[in-house]
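The values are calculated or read from the model by the stated rules, or taken from the named source; none is laboratory data. What you see is a predicted model, and the numbers here were worked out from it, not measured in a lab. Cβ sites come from the backbone with ideal geometry, for glycine too, and all protein chains shown count toward neighbours. Note: accessible area is taken over every heavy atom of the protein model, side chains too, but ligands, DNA and RNA are not part of it. Shrake-Rupley method; radii C 1.70, N 1.55, O 1.52, S 1.80 Å.
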Amino acid sequence: MPALIFLTLCFAALVMLALGQAPLSIWAGVAALLTLIAQFGLPYSEPLVSFAHGAFAGWIVAGIMAVLSIQPVRRRLIIGPAYGALKKLMPKISATEREALEAGTIGWDAELFSGAPDWSRLRDVPPMSLSAEERAFLDGPTNELCRMLDDWDIRHTRNDIPDEVWQFVTGKGFLGMLISKEHGGLGFSPQAQSLIIGKIASRCPDAAVIVMVPNSLGPGELIEKYGTGQQKSKYLRRLAQGKEIPCFGLTGPASGSDAAAMRDIGIVCKQTFEGEEVLGLRLTWEKRYITLGPKATILGLAVQVYDPDGLLNKDEDIGITVVLIPADHQGVEIGRRHLPGGVAFPNGPNSGRDVFVPIDWVVGGAEGLGQGWRMLMECLSEGRAISLPATSTAAAKALLRNSTAYARIRKQFGLPIAYMEGVEEPLARLVETAYVTEAGRAVTASMVSRGEKPSVISALLKYQSTERMRVAVNDAFDIHGGRAICDGPSNYLQAAYQAMPVAITVEGANILTRTLITFAQGALRSHPWLYKEVEALRDWNVTRGLASFEDAFCGHVSYATANIFGALFHNLTGGYFANAPAYAGANRRWYKQLARSSRSFALVADLTVAVLGGGLKVKQKITGRLADALSELYLLSCVLKRFEDDGQPASDRIIVNYCAANHLYAFQQAMKGVIDNFPVLPVRLLLRPLVFPFGARRQPASDRLGKEIVRAALQPGELRDRLTRDIFITDDPADPQGLLEHTLGKTIAAEKADRKLEKAVRAGTIRRTHDNDWISDARDKDVINADEAKTLKELEALVARVIAVDHFDADEIIPHYRKTGAQNLAAE
Ligand SMILES: Cc1cc2nc3c(=O)[nH]c(=O)nc-3n(C[C@H](O)[C@H](O)[C@H](O)COP(=O)(O)OP(=O)(O)OC[C@H]3O[C@@H](n4cnc5c(N)ncnc54)[C@H](O)[C@@H]3O)c2cc1C
């Protein structure tokens, strides 16, 4: 047998054993068989034979494997010593770290970490759907609210939310969407909440915030999930009806990202309260940046509770606890207002010193003492998946809708700017962002709607959707030029621009969320074996711990082997043999590439954790890139699923191709960044050939495809509507956004006549200057007919309004709150 065939056979056997995660005894048998073939099957002339005959390396390997496949021997020689050594090295995990790690659920993220995603788990996530009641609310009261919102008036003139808006949202139950029907709320699904908040955000981000906050982490959710019966009956109905306005205070001046390091304290004590001596907490706190704080009637506060006098018969350090305090309770100081860069929702500090509250005011009562961090982490893992992805996605869709319309209406050099390649680039990015963020939003909201609390996915979706929105806003600004920069009632872009840093900073500022939370947490939670190993090492019962460790360790070795050989095999064969679901159809190649990439990711992620271990927290450039790589795989999964869930519309295929090519390219770049910068040389040398055996050759989507998707999105109709679904759209020419829609239709209708006119202007037949009525001139010279002249005249008037920017008297520019001086910025 020629050596080449033999080597191919060996490689094929190794790949099959590794991918099949065969037991060690089978490996030993196959190693013995291959050694036999090498000894007796190869002619003496083969160069390999001298090695096979001389060294008997194959027999040694097969022998070691055979011995180690005997469980008691394996345990004595390897597992036992490894368990003992690792148990000593095991870093301490603080209670708050542990609660953060354990919060939430794992799902599709674990499939991506596995290296061999099971497509049925993705397909099992139900397609986006709303109940009839939810759909009616989205199309009814939500549209009505959008119509009454005047973004400029709110953001600039008042710098506040008008009373009539508050009345409308409280009256219609917007603030109680997550509160169950049983407790007087609307009991809407997370999917419905996401779409409703998104639609409002597409009209006015400030109004979205006042609806979003009561429907995310805060008193409503905390009481619904963890409150005592008394708290539920006292507050939930009132919260749902907007009779109580909630806020939630976690952040303080010294504790931002490191919220658990708060200095806010509650001392367990007894005090007379309403004429009786009761057990309670003496609270001292200083919070800042609290959204709705200045308007709130009920505060949810996180404080660190201590019991120095042992009144609870527990440890002195009870832990983080959430307390509900009426804003008018004695000693509560609701501060003045912050002015977060141009946005108008109420936000401000609050504080208190030695404020006594009875223990009944702790969320969950006495049982809830010390449970605060767990509650917060659980709610956060769910909430992050909804609110900010909803607002960012809606912004991306609105930016696309407005920018495509504007770029087709606005002409320079005699041509709509949309047809210039330089403008086409940001337009293509906008199409991609709108499609991808909506895919991620919808799929993730469906996961939450069916009861998942995806901690890793929600973290990556939060930072990805808000970062993509940051790029999208800048792209929209570039496309609009000065029209975007000059603020005023007709500017429909400034609100998103001003709200964008808020989205990036809240619910875990993006740098931290990307570099620390997504991968560091994901590696432990979503990895198939790591958490099991850690749990086994932490088990106080050594016999039980050793047995669980053995299972996890053997599983881990088998997984690592599958990753090594699987990655090499799929990267050598370009993913040709990777697994794709039967229903993949035209997207078969993308599913295969996703499976191939998942294997490479699993390999690199696993090795990174193994080599960097506890150092992961500080190697944030590595973990950040791994978070990016995981995000690209997740978003590509969502893009493919969206296409399926939408019924595989043929016109969307080019967009899927565009997105998929870019996701895979970004994935490659992230992986290349990890490998090129990996701090341990042997790991770099090992990973490069396994992940990039032929180099990093993948290219982003082509310019041609970019042109195709932009041309498709510029055309009014089904595809454009699907790309921008469920945002507020009007074609009322009295509204700045409606004017765009209205003018776009007229622009397209007048295209033929306009071309004739442009040709005549270029030829010098018609002079287009302020001293000349060039349309009448063109009609008189038979360049266009009378009907065309009428159409062009009408269009010209509309275009003049579309491209106009606002101007003001000097006095008008000063916002109302600065003129009156004291309303929101009262002197100290
Ligand atoms: C408009 C607005 C509304 C808000 N609403 C609320 C609210 O209702 N309730 C509430 O409790 N809080 C609220 N916040 C607070 C918000 O959650 C915090 O701003 C956020 O947690 C970040 O804290 P910080 O601003 O102090 O930044 P810092 O913690 O000082 O962080 C600064 C930068 O350092 C990065 N960073 C910090 N630590 C690490 C690390 N270990 N690794 C890598 N990077 C790191 C962060 O990502 C960030 O980019 C709000 C904030 C704003 C601006």
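A few comments on the model shown:
- Loop sites in the range 328-416: chymotrypsin sites (Phe, Trp or Tyr not before Pro), DSSP, at most 14 other Cβ within 10 Å: PHE413
- Kirkwood hydrodynamic radius (C-alpha pairs) into Stokes-Einstein, the chain, 25 °C and 0.890 mPa s, D in µm²/s: 82
- Where chymotrypsin sites (Phe, Trp or Tyr not before Pro) fall in DSSP loop in the range 633-729, at most 13 other Cβ within 10 Å: PHE694
- Using only side-chain charges placed at the Cβ, +1 for Lys and Arg and -1 for Asp and Glu, the dipole size of the range 102-222 relative to its Cα centre rounds to 220 debye.
- Ordering VAL639, ILE655, ILE675 by Cα displacement along the dipole of the range 608-676 toward the positive end leaves ILE675 in first place; charges were set at the Cβ atoms of Lys, Arg (+1) and Asp, Glu (-1).
- Here the range 111-270 yields Rg over Rh of 1.05, to two decimals, using C-alpha coordinates and the Kirkwood radius.
- The chain, dipole about Cα centre (Lys/Arg Cβ +1, Asp/Glu Cβ -1), debye to the nearest 20: 2500
- Of all aspartates and glutamates in the structure, those lying under 16 Å Cα to Cα from LYS92, and not within fewer than 8 positions of it along the same chain, are GLU102, GLU533, GLU535, ASP539.
- Three principal axis lengths of the range 503-661 [C-alpha, angstrom, descending]: 59, 41, 27
- Placing unit charges on each Cβ (+1 for Lys and Arg, -1 for Asp and Glu) gives the chain a dipole about its Cα centre, and among VAL305, GLN464, GLY706 the Cα reaching farthest toward its positive end belongs to GLY706.
- For the range 561-611: rounded, prolate or oblate by the Cα gyration tensor [a/c cutoff 1.5]: prolate
- Extension gain, ARG135 to ASP806: 0.36 nm times the residue separation minus the Cα-Cα distance gives 237.9 nm.
- C-alpha center-to-center spacing [the range 417-479, the range 1-19] in angstrom: 44
- Under a model in which nothing but the beta-carbon of Lys, Arg (+1) and Asp, Glu (-1) is charged, the range 323-409 shows a dipole of about 780 debye around its Cα centre.
- Largest-first ordering by accessible area, 1.4 Å probe, given options VAL618, VAL211, VAL761: VAL618, VAL761, VAL211
- Where Cα atoms sit under 24 Å apart: lysine pairs in the range 553-682 separated by 8 or more or lying on different chains: 5
- The Cα trace of the range 480-543 gives Rg and Dmax of 22.4, 71 Å, the first to one decimal, the second as a whole number.
- In the chain, a dipole from Cβ-located charges (positive for Lys and Arg, negative for Asp and Glu) runs towards its positive end, and of VAL213, SER94, ASN571 it is ASN571 whose Cα lies farthest in that direction.
- All other residues whose Cβ lies under 9 angstrom from that of GLU421 are scored, Lys and Arg at +1 and Asp and Glu at -1, for a net of -2.
- VAL502 contributes an accessible area of around 40 Å² to the protein surface, as traced by a 1.4 Å probe with all chains present.
- Of the GluC sites (Glu not before Pro) found in the range 252-356, those in coil by DSSP whose Cβ has at most 10 other Cβ atoms within 10 Å are GLU274.
- Column: log10 I(q)/I(0), Debye, Cα scatterers of the range 591-656, q = 0.12, 0.16, 0.19, 0.23 Å⁻¹: -0.43, -0.63, -0.77, -0.95
- Anisotropy class of the range 231-342 from Cα gyration tensor, a/c 1.5 cut: oblate
- Translational diffusion of the range 725-777, µm² s⁻¹ [Kirkwood Rh, Cα pairs; Stokes-Einstein; 37 °C; 0.692 mPa s]: 249
- Residue-averaged [θ]222 nm for the chain, counting only DSSP H segments that reach four residues, each worth -39500 (n - 2.57): -17500 deg cm²/dmol
- For the residue pairs LYS411/LYS790; LYS752/LYS790; LYS411/LYS707; LYS397/LYS453; LYS199/LYS287, the alpha carbons lie more than 22 Å apart in LYS397/LYS453; LYS199/LYS287.
- Under 20 Å of direct C-alpha separation, and excluding same-chain neighbours fewer than eight residues apart, LYS232 reaches these lysines: LYS181, LYS243.
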